[in-house]
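Presented below is the structure to which this report refers.
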Amino acid sequence: MSESGDTVAAAARKHGYRRRRCVLICVSFAVLVLLLVAAAAAIVALAVLRPRDATTELLSVNATGAAPSVVALPTVNVQLNITFLLIVRVSNPNPAAFRHGAASMVLLYRGAEVGSAAVPAGTVPSHGAETLRLNMTVQADRVVAAAGIGGLLGDVLAGEMEFEARTEVSGRVKILGSSGGAPRRGRCAAS
């Protein structure tokens with residue numbers, strides 16, 4: 001009986017070992033499948049929710065005023081500031097609304113800053129657009145200094161003056177009604 005009892009106990013241990021091994025393999029396979037599904041879901045979520053840069057479109061430009069001034073000391077210097085009303089459309093291609101704070105826009109001519117405008121705070125809806133009205137002040141003396149008289153005349157005679165507008169806006173993106181994480185900074189450049 002001891003011999004048959006030993007063989008029965010050995011068979012029971014062997015059966016228990018096989019059963020634990022089978023359970024371990026099944027659990028490992030299930031965890032692997034779950035990890036693969038989670039990775040696939042993360043890839044799809046990143047592809048769909050990947051933040052895209054906003055696009056800007058200049059709709060109209062109107063000169064609204066001019067402010068000449070003469071500085072007498074130390075040398076005579078004539079300055080002319082021209083104010084333009086810019087109507088700009090900002091389009092948000094993202095699936096979440098973007099709420100931004102106030103910022104400033106800088107106008108560059110040949111790499112030199114020649115003007116500026118204040119950008120008011122607002123919200124650009126998801127897959128939507130916001131129209132902004134900006135007052136841009138351009139300093140004519142800085143335009144002349146950036147290109148020189150010859151360069152400025154050359155650009156005017158060619159019928160083309162290339163300006164670049166830059167602005168950096170910080171704000172928050174709302175996903176599913178809650179404000180998402182840290183502020184996202186966006187850069188918008190137009191020429």
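Could you please let me know if V44 is exposed (fewer than 13 other Cβ atoms within 10 Å of the Cβ), part of a helix (DSSP H, G or I), under 36 Å from the mean Cα position of the chain (by Cα) and touching a residue at least 40 places away in the same chain (Cβ under 8 Å)? So V44 fails the test.
Every condition in (1) closer than 24 Å to A54 by Cβ; (2) surrounded by fewer than 17 Cβ atoms within 10 Å (Cβ to Cβ) holds for D141 except the one numbered (1).
Return the residue satisfying two criteria in turn: it lies in the range 69-116 and is hydrophobic (A, V, I, L, M, F, W, C) and part of a loop (DSSP other than H, G, I, E, B), and of such residues it is nearest to V173 (Cα to Cα). Per the criteria, the residue is A96.
Checked against (1) small (G, A, S); (2) surrounded by 12 or more Cβ atoms within 10 Å (Cβ to Cβ); (3) out of contact with any Ser or Thr (no Cβ under 8 Å at 6 or more places or on another chain), A96 meets all criteria but (3).
In the same structural domain as E164 (by TED's automatic domain parsing), touching an Asp or Glu at 6+ places or on another chain (Cβ under 8 Å) and charged (D, E, K, R): is that true of R99 in this structure? Answer is no for this residue.
The values are calculated or read from the model by the stated rules, or taken from the named source; none is laboratory data. Here the structure is a predicted model, which is why all the values come from computation and not from measurement. Note: ideal-geometry Cβ built from the backbone for every residue, glycine included; neighbour counts use all protein chains shown.
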